[in-house]
Amino acid sequence: MIDWKNWRTGAKIGFIYGVICAIYIMPIVIEQYSPNPNVLTKIGEDYPYSWYQIIGIIIFFPVVVIVAFAVGESFQGLPIFEIISISSIMVVIVGIVLGAAVGYLFGWLEKRQTK
């Protein structure tokens, strides 16, 4: 049986969340740092790219905010492939840390309630 109120389980869930977030924000990073400004203008005909960004920011808010503050403008001089790999790794690591923290918090609250 899986103990859902455990930091290890939270870290595993955070890893999956971070990988999904990294895949989801990859087009945003490509468009933002690409030397060609017209790489991605629309995802589909009736689905503008701004809605794609807004939905992603809502779903992946904690990870996007933490990585955005950590990265800032420090990626400007790097090639696009290095920017994608560094931001993807950072997103996955932040997802793992947030998942572990949430799992630890739930485990701590459960132990506190049972005492």
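The values are calculated or read from the model by the stated rules, or taken from the named source; none is laboratory data. Keep in mind it's a predicted model, so treat the numbers as computed, not measured. No Cβ is skipped: glycine too gets one built from the backbone with ideal geometry, and neighbour counts run over all protein chains shown.
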Failed condition for PHE61, given (1) of a type in the set (Phe, Trp, Tyr); (2) modelled with pLDDT of 80 or more; (3) surrounded by 16 or more Cβ atoms within 10 Å (Cβ to Cβ): (3)
Which numbered condition PHE75 misses (of (1) of a type outside the set (Val, Ile, Thr); (2) in a helix (DSSP H, G or I); (3) within 17 Å of MET26 (Cα to Cα)): (2)
Among the residues listed as ALA101, ALA68, the single one being assigned to a helix (DSSP H, G or I) and modelled with pLDDT under 85: ALA68
Residue among GLY14, GLY56 that is outside any loop (DSSP other than H, G, I, E, B) and modelled with pLDDT of 80 or more: GLY14
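Can you give me the number of residues within the range 78-92 that are over 13 Å from ILE28 (Cβ atoms) and either part of a loop (DSSP other than H, G, I, E, B) or not polar (S, T, N, Q) (or both)? Quick ask: steps written out before the conclusion?
Taking the range 78-92 as the starting set, the residues that turn out to be over 13 Å from ILE28 (Cβ atoms) are 78-79, 81-82, 85-86, 89-90, 92.
Filter once more, so that each one left must be either part of a loop (DSSP other than H, G, I, E, B) or not polar (S, T, N, Q) (or both): 78-79, 81-82, 86, 89-90, 92.
Going through the range 78-92 one residue at a time, the tally reaches 8.
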Cβ pairs under 7 Å, 6+ apart, first in the range 78-104 and closer than 17 Å to VAL64 by Cβ, second surrounded by fewer than 18 Cβ atoms within 10 Å (Cβ to Cβ) and among the aromatic types (Phe, Trp, Tyr): ILE83/TYR33; ILE83/PHE75; VAL92/PHE15; GLY95/PHE15; ILE96/PHE15; GLY99/PHE15
